[in-house]
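Please treat every number below as a calculation from the coordinates, not as lab data. Being a predicted model, the structure only gives us computed values, none of them experimental.
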Amino acid sequence: MVARVMQQWARVDALVCNAGLLRDKSFARMDMADFDRVVAVHLGGSANCCHAVWEIMRAQGYGRILLTTSTSGLFGNFGQANYGAAKAAMLGLMNVLRIEGQSTASG
């Protein structure tokens, strides 16, 4: 995906990560494979996409990344332990990338 963008436009200015899936069940009934899959799609997918553009944006000295999250990650929601955990982890990822992005931009 990133290679095609670079081939056509020679830069990446923005990334929006909005993909996801749900496997809602109460935690007591949840299959841990569903827990892992939801975390892999939301958090892992976002991290992979961010990593794919990170050095390009750094070299350009510019780039914006938007990760969509949910109130389930902030406050929780019944039947969404996997989704809420993944979305909360994405907040952590966003916070770290903000700090590291500022650090690399200034040297």
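Among 41, 53, 16, the largest mean-square fluctuation in a Gaussian network model of the chain (Cα springs under 10 Å) belongs to 16.
The helix-only estimate of mean residue ellipticity at 222 nm for the chain, built from DSSP H runs of length n ≥ 4 each weighted as -39500 (n - 2.57), is -18000 deg cm²/dmol after division by the residue total. Contact order for region 47-107, expressed relative to its length and based on alpha carbon pairs under 8 Å spaced 6+ residues apart, stands at 31 percent.
From the coordinates of this entry, semi-axes √(5λ) of the Cα gyration tensor in Å is computed, and it appears in (i) 27, 18, 15; (ii) 31, 15, 9; (iii) 22, 17, 13 under the label (ii). Relative to the longest principal axis of the Cα atoms of the chain, the long axis of helix 45-60 lies at roughly 20 degrees.
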